[in-house]
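This report concerns only the one structure given below.
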Amino acid sequence: MSPRRQQVSWALYDWANSAFATTVMAGFFPLFFKQYWSGGVDATVSTFRLGLANSLAGIAVAVLAPLLGAVADRGGTRKGFLAGFALLGAGATGALFAAGQGQWVLAASLYGLGIVGFSGANVFYDALLVSVAGERRVDVVSALGYSLGYLGGGLLFAVNVAMTLWPGAFGLAGAAEAVRVSFVTVAVWWALFSLPLLFAVPEPPFAGTRRAPGLAAVAGGFRQLAATFREVRRLKVVFVFLCGYWLYIDGVDTIVRMAVDYGLSIGLDQKSLIAALLLTQFVGFPAALAFGKLGERVGPKPGIFVCLAVYLGVTVWGAYLETAAEFFGLAVAIGLVQGGVQSLSRSLYARLIPPSKAAEFFGFYNMMGKFAAVVGPVLMGWTAMATGNPRAAILSVALLFVAGGACLFFVDEAEGRRAARALEEG
């Protein structure tokens, strides 16, 4: 199969799993959890329950991600691990249909398993980028994945929204049944569009002397994980990049998580918020592709700096936001750069690491992503308490973009490539 077809097949997995990120994580689950599975309890209680499910799943993935990457590299089974986690995520998502009203424990547990499946599979999906794209096209192929994710996730979410607005047209009894069926559509979508990657993308060549089967791969993975910690510290460019990435992606995630609550605080209803979310998805599709081309022409670092500059503007704009029209403008601005900062960060990191150890190094990368949105909310809360002004709290997030950009400034891509080659050859 031609390299281009392999690259498109790889990118289609983003089309597949973004349905979970959009319809479930960002869209229906938080609202349905409050109104259906945790209905009748105080809003603070349901928020705590949902936050607990998110936190436990995030911690599990953050702890497991580096180990999973090391095990996959040791056993040469990146596609196998991806398939297993994708099946876990899709299965748990489809099972949400069976969670009845008031069964918040079951719903939260299935949701947590869905997050583990989603995030665990991404470790191996990201690692396959190195072998699929090659050095010359890594920026474009990474951006293609994110752009298809925005488009595919947005298309299914639009259908799911239509199901809840006009359930009778879809043969459904009401909005509640439409949401439950939406979870099934996400599971089917996720599983179906995972197939091109599983069938068309080859397992990367194994760099070791022999593959380690079963428990031997796990034992070897633990040993390799310890070695990778030491290698990350030795690869100074990778270490500096990960520090910067953690800071600015923390700011990105804080902005995303703040947006809905902030929209509610200025009086927008749920339909307007859903419309803004859809707008972000469809703006993100062409914008991610454009940033991929920018990365190919001038390098990923300048493109990331452009994105961080826009995010700085977003924090200032958000601090003075007053109207619904401005909120939609903010959604467009975020959509323009969110895919760009994600795809270019992934492609820059792919250039700095040894290809034969891509899964374990991307395990660290995904671990940093899971520990993101830790500093931002605390910084906002402290600033709000110190100043008594929530708008000042939003402005405080700008510090994360400035600090992350400062670290990125010291990332020397050429030096990082030389160090990665030396580690690969040694």
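Note on the chain: with charges restricted to the Cβ of Lys and Arg (+1) and Asp and Glu (-1), its dipole about the Cα centre is near 1040 debye.
Packing, as the average of other Cβ atoms within 10 Å across residues, places the peptides 112-124, 91-103 in the order 112-124, 91-103, highest first. Using C-alpha pairs under 8 Å with a sequence gap of at least 6, the mean separation divided by the residue count of the chain gives a relative contact order of 27 percent. By accessible area, using a 1.4 Å probe on protein heavy atoms only, the chain has 69% of its surface on carbon and sulfur. Computed on protein heavy atoms with a 1.4 Å probe, the accessible areas place 305, 364, 170 in the order 170, 305, 364, largest first. Axis angle, to the nearest 10 degrees, between helix 104-133 and the longest C-alpha principal axis of the chain: 40 degrees.
Taking the average, over residues, of other Cβ atoms within 10 Å as the packing measure, peptides 408-414, 128-134 rank 128-134, 408-414 from highest down.
Model label sites at residue 136 and residue 415, defined 7 Å from Cα along the beta-carbon direction, differ in position by 2.9 nm. Over the chain, DSSP H runs of length four or greater, each weighted -39,500 (n - 2.57), average out per residue to a 222 nm ellipticity of -27500 deg cm²/dmol.
Using a probe of 1.4 angstrom and keeping all protein chains present, the accessible surface of the chain works out to 42 square angstrom per residue.
Please determine, in degrees from 0 to 90 and to the nearest 10, the orientation of helix 300-319 with respect to the longest principal axis defined by the Cα atoms of the chain, where the helix direction is its Cα long axis. Result, in degrees: 20.
The angle separating the long axis of helix 236-265 from the principal Cα axis of greatest extent in the chain is about 10 degrees.
The values are calculated or read from the model by the stated rules, or taken from the named source; none is laboratory data. Treat the numbers as computed from the prediction; the structure is a model and nothing was measured. As a convention, Cβ positions derive from the backbone with ideal geometry for all residues, glycine included, and neighbour counts pool all protein chains shown. Areas reflect the complete protein model, heavy atoms only, side chains present, ligands, DNA and RNA absent. Shrake-Rupley method; radii C 1.70, N 1.55, O 1.52, S 1.80 Å.
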